[in-house]
1. Return only the number of the condition from (1) surrounded by fewer than 16 Cβ atoms within 10 Å (Cβ to Cβ); (2) over 11 Å from the mean Cα position of the chain (by Cα); (3) under 24 Å from PRO129 (Cβ atoms) that ASP86 does not satisfy.
2. Can you find a residue in region 117-125 that is in contact with a helix residue (DSSP H, G or I) (Cβ under 9 Å, 6 or more places away or on another chain) and of a type in the set (Asp, Glu)?
3. For region 55-66, does any single residue satisfy the condition of being open to solvent by less than 70 Å² (accessible area, probe 1.4 Å), over 22 Å from LEU88 (Cβ atoms) and of a type in the set (A, V, I, L, M, F, W, C)?
4. Pick from region 76-134 the residues that are among the acidic types (Asp, Glu) and assigned to a helix (DSSP H, G or I): which of them is nearest to LEU66 (Cα to Cα)?
5. Go over the candidates ARG31, ARG39 one by one and state the one that is among the charged types (D, E, K, R), open to solvent by less than 80 Å² (accessible area, probe 1.4 Å), farther than 23 Å from SER141 by Cβ and at pLDDT 95 or above.
6. Quick test for you: out of TRP81, TRP108, TRP135, pick the one residue that is open to solvent by less than 80 Å² (accessible area, probe 1.4 Å), touching a helix residue (DSSP H, G or I) at 6+ places or on another chain (Cβ under 7 Å) and closer than 18 Å to GLN28 by Cα.
7. How many residues are under 17 Å from VAL123 (Cβ atoms) and either at pLDDT below 95 or in contact with a strand residue (DSSP E or B) (Cβ under 8 Å, 6 or more places away or on another chain) (or both) if we restrict to region 61-78?
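The values are calculated or read from the model by the stated rules, or taken from the named source; none is laboratory data. Being a predicted model, the structure only gives us computed values, none of them experimental. All Cβ positions, even for glycine, are placed from backbone atoms using ideal geometry, and neighbour counts span all protein chains on display. Areas reflect the complete protein model, heavy atoms only, side chains present, ligands, DNA and RNA absent. Shrake-Rupley method; radii C 1.70, N 1.55, O 1.52, S 1.80 Å.
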Amino acid sequence: MLRAKDNPFAMDRVHRIRYDPPHETWEQLLRRLEEMQYRGAIVGPCGSGKTTLCEDLQDKLEGMGLNTQKLFITLDLRLSWANICDVLQKEFDILLVDGADHLPWWTWQRLKRKIFADYHGLVVTTHHPGLLPTWYTCQPS
């Protein structure tokens with residue numbers, strides 16, 4: 001019988017696996033995001049690595065000296081506009097919105113308008129292209 005601590009699929013082991021872009025280096029990806037004024041979408045189906053890539057991107061951006069804030073939205077975890085405004089009050093250069101396609105249309109429009117008016121970057125994860133120009137497409141392996 002397999003002991004729990006020896007389980008190769010234990011959550012602590014799974015979470016140590018990071019996103020490895022198959023066709024580009026992180027340097028290339030970050031350069032392209034900079035050219036896009038730090039405004040773009042990570043697009044892909046469920047389970048393709050969007051959240052992991054977003055987490056790794058946050059670490060890379062902060063390593064470059066950029067301040068980030070992150071919103072995490074799912075069908076089960078909705079944020080009110082007041083919750084979003086709490087995050088917008090904080091100092092940041094780039095807002096990461098994981099699950100942007102779960103925001104109501106009107107909330108998305110308000111958020112985007114506010115971020116762009118304040119000259120902040122905005123990177124989102126979404127299942128389908130269209131919210132922002134696609135920065136990276138995740139493909140399940």
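1. Every listed condition holds for ASP86 apart from (3).
2. Just the residues of region 117-125 that are in contact with a helix residue (DSSP H, G or I) (Cβ under 9 Å, 6 or more places away or on another chain), to begin with: 118, 120-125.
Still in the list and also of a type in the set (Asp, Glu): 118.
Yes, because at least one residue in region 117-125 is in contact with a helix residue (DSSP H, G or I) (Cβ under 9 Å, 6 or more places away or on another chain) and of a type in the set (Asp, Glu).
3. no
4. Of region 76-134, the ones among the acidic types (Asp, Glu) are 76, 86, 91, 93, 98, 101, 118.
From the residues that got through so far, the ones that are assigned to a helix (DSSP H, G or I) too are 86, 101.
On the way: ASP86: 19, ASP101: 25 Å.
Applying the filter and picking the extreme gives ASP86.
5. On the way: ARG31 fails: open to solvent by less than 80 Å² (accessible area, probe 1.4 Å).
Step by step, each of ARG31, ARG39 is checked, and only ARG39 is among the charged types (D, E, K, R), open to solvent by less than 80 Å² (accessible area, probe 1.4 Å), farther than 23 Å from SER141 by Cβ and at pLDDT 95 or above.
6. TRP135
7. Filtering region 61-78 for residues under 17 Å from VAL123 (Cβ atoms) gives 61-73.
Subsequent filtering for residues that are either at pLDDT below 95 or in contact with a strand residue (DSSP E or B) (Cβ under 8 Å, 6 or more places away or on another chain) (or both) retains 61-62, 66-73.
Residues meeting the conditions: 10.
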